[in-house]
């Protein structure tokens, strides 16, 4: 559990660094800075420092804005986005050891995912972006733990969290999507602080007739919250994306990279690529001629072509120029896909015909990054380095990986945030 | 409409001053001050100044914490709580004339009440405290107007508001109830600021399949939002409480005060009081032996007794000591109530038997403060003075009443907030 906590932290930090230059983060920081309190906490990957509440918001936005963060498979909660910004900001404000920090991180993810489980899938189906609406409990629980709340205080903190659910699935596709984990982090941290100060709330905020559960979901299973608490850990079902796009495209990318590496393929070698995919793949990512980087994320054709050419599918493969690159466009036009309803959603079949007439086959049962084929520690470190390389100097990247790996032994967890400030390299 | 805007402002300001010493406000200000930005805006009735976002939160809490503020009858939205704190804080941050301020106030109340109408009563019945959940749109629209947002910007502001609904009816009875209008004010103001900065959101945040309307209410009537916009004004259906307790007790208090004044009664004259009430009165306020001020608000017996003894039912009549006062307790025990399902909820029948054997009758069709018997300007000024007298010196109270009355002509609307600071009298 502690290892998975450290992996979750490393993956989150890389995403926050990688997203730190995104326009959404820039707008939020520039707009809200005039109202920020003292420079208490780092905005990851940037030179600005804000009060802990605003820092939690900004870091929650940056870690989610590239859609590259973690996923708790059973609920679709992206749990680190609300939890880590709240705890990390607090760790810069008061002395918190690495062990305390890691314990709070695990607790927060447990709270968010278990409360998510209690209302899954109905709550999400009803239109709530569960990352923010259940995530706020994770932020409140984690911050409450670090603030030393007793049972009464924790009840109030969860009540203040319950009454501020963020946000709606309608916002997906706009900057407001990434606002959700950010605001959930800020709201959860605010809830814990107010509860610590004695601000009262309901003591049955989840389960009461007009509590969060019944109001936001037609069905609730509260056993999912309490069952096996302390022995079974939801963080062990957390997964990390190897590719900077929606999960349904991952098997095709994975298979193409495997074929490329196994046969040392270049784009020029490939005559055509035929994919056999789950129906959802074309429903969600069937764009044949994407025109922007964002549209490229919704094109299994671009993704497969980029995977062959670059051997990866990071944020760089989804820039506007990467999507319009003539070589990639030419290969993309030789990719086709047919739907097979018997194909699993994390599987793919690939038939690749080479210019020399040879036909290669590849079947992926579970894409890399899934629970069945988790990202290795090395994979996560490579992902981190790729995301950080345009933001931080190489020695700092290595140092940050080491800090995350030994988080449990750090005397001061705030060190991680301070080491991830981007001031010295900021343009 | 402008007159009603000025009346709404005066009533809101008195409530915020009257609530400014409440423990909930003290906790919120003390807890969040370390994270506040520059002292940009007044915390009404207090010496602290906070950044405009935190000031909006604090002033929204104080104006609602005594349950003494305004009510839009058709929706149960308390509209000024989310709208005025957002606009008034902004008026201290940038030059805003009284006329602009009043226009934004009216627009914000229109947005909150009309969006509330579109989902009433289903949204409230589902468990949402509509004051915060619809109120946030009022705060966003009013702030957006003052920030000069164009159509695109206003759509984004409403989207950012839609995705942060606060809060749950389960919180009623705790300090978190008053957090709702405060946080709605802060969220709406944040939404407008971010939208002005270019932070994108959905452009169909209310009506989309997974927008605010369908997600938070089983039924939506969007005609209620657009019908008669600019010719029919919902602020004309705003009402102001004469008594510091739930609306259902108001007819009994009103009738008792009328009998007291008509017959110059003292407690010693009264043998017993028999009330005939709507069923909801005993369901909500049937506490026969309240032990605290708060419990007193849920006792029609205490309320009737206090009305006879004091001739009013302000916050002072709902203090702990007022509820435990032996004279009031003795009279309270001689009050009885029977339910009559044919009685309207804003009506009451009273039979009062005097010690001298005489029997007095009073039937109240509509309680004072209802739409049918609105508070007069003089009533509102008296209410304001009563709420402010322990917080501000007498000359300042008079000056504030005058400022609110001529708000439309003020060169600088921020003057109202600054004149309501409580520093000089703060203990």
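Any read-out appearing in this document is the output of simple, stated calculations on the displayed coordinates, not a laboratory observation. In this text the structure is predicted, and so the values were computed from the model without any measurement. Heads up, the Cβs are rebuilt from the backbone with ideal geometry, glycines too, and the neighbour counts pull from every protein chain shown.
Worth a mention:
- The ratio of the alpha-carbon radius of gyration of the range B:137-218 to the globular-protein estimate 2.2 N^0.38 Å is 1.12.
- Peptide-level mean, for B:190-196, of C-beta atoms on other protein chains within 10 Å: 4
- Summarised in one figure, the compactness ratio Rg/Rh of the range A:1-119, Cα atoms and Kirkwood Rh, is 0.97.
- Taking the range A:336-414 and dividing mean pair separation by its residue count, relative contact order in percent (alpha carbons under 8 Å, at least six apart): 16 percent
- Whole-angstrom gap from the range B:368-383 to the range A:111-150, using each part's C-alpha centre: 45 Å
- As computed over the range A:358-427, the Cα convex hull volume per residue (Å³): 138 Å³
- By the equivalent-ellipsoid construction on the alpha carbon gyration tensor, the range B:94-239 comes out with semi-axes of 22, 17, 17 Å, ordered largest to smallest.
- Cα long-axis angle, helix B:151-162 against chain B (0 to 90 degrees, to the nearest 10): 50 degrees
- Counted over all Cα-Cα pairs of the protein assembly as shown, pairs farther apart than 37 Å make up 47 percent.
- Considering only chain A, percent of DSSP beta bridges that pair antiparallel, nearest 5: 75 percent
- The Cα-based radius of gyration of the range A:2-51, divided by its Kirkwood radius, gives an Rg/Rh of 1.07.
- The C-alpha atoms of chain B occupy a region whose extents along the principal axes are 74, 50, 38 Å, arranged from largest to smallest.
- Comparing the range B:86-144 with the 2.2 N^0.38 Å rule of thumb, its C-alpha radius of gyration ratio is 1.25 (two decimals).
- Translational diffusion of the range B:129-181, estimated by Stokes-Einstein from the Kirkwood radius over alpha carbon pairs at 37 °C in a medium of 0.692 mPa s, is 283 µm² per second.
- Here the range B:221-370 carries DSSP beta bridges of which approximately 70% are antiparallel, counting only pairs with both residues inside.
- For the range A:18-94 versus the range B:227-287, the spacing of their alpha-carbon centroids is 49 Å.
- Average beta carbon contacts from partner chains per residue of A:154-166, 10 Å cutoff: 5
- Under the simplified labelling scheme, the residue A:97-residue B:390 pair shows an inter-label distance of 4.7 nm, with each label point 7 Å from Cα along Cα→Cβ.
- Acute angle (nearest 10 degrees) that the helix B:80-93 long axis makes with the longest principal axis of chain B, alpha-carbon atoms: 50 degrees
- Estimated distance in nm for a label pair at residue B:150 and residue B:2, the labels positioned 7 Å out from Cα along Cα-to-Cβ: 3.0 nm
- For peptide B:208-216, the mean count of partner chain Cβ atoms within 10 Å of a residue's Cβ comes to 5.
- If R0 is 51 Å, the Cβ-Cβ spacing of residue B:295 and residue A:418 corresponds to a FRET efficiency of close to 0.50.
- Placing a pseudo-label 7 Å from each Cα along the Cα-to-Cβ vector at residue A:227 and residue B:263 gives an inter-label distance of 6.6 nm.
- Solution diffusion estimate, µm²/s, Stokes-Einstein, the range A:233-319, Kirkwood Rh from C-alpha pairs, 25 °C, viscosity 0.890 mPa s: 182 µm²/s
- Axis-nearest residue in chain A [Cβ, rotation onto B], distance in whole Å: A:37, 3
- Mean residue ellipticity, 222 nm, helices only, the protein assembly as shown: the sum of -39500 (n - 2.57) across DSSP H runs of n ≥ 4, divided by residue count and rounded to 500, is -15000 deg cm²/dmol.
- Relative to the dominant Cα principal axis of chain B, helix B:98-118 is inclined by about 70°.
- A prolate overall shape is assigned to the range A:272-418, the ratio a/c of its alpha-carbon gyration tensor axes (a ≥ b ≥ c) being 1.5 or greater and a/b exceeding b/c.
- More than 22 Å apart - percent of Cα-Cα pairs taken over the range A:215-359: 44 percent
- Relative to its residue count, the range B:62-173 spans a Cα convex hull of 103 Å³ per residue.
- Taking the range A:324-339 and a reference point 7 angstrom along Cα→Cβ of residue A:288, the backbone N atoms nearer than 11 Å belong to A:333-337.
- Value of D in µm² per second that Stokes-Einstein yields for the range B:48-90, Kirkwood Rh from Cα pairs, at 10 °C (1.306 mPa s): 148 µm²/s
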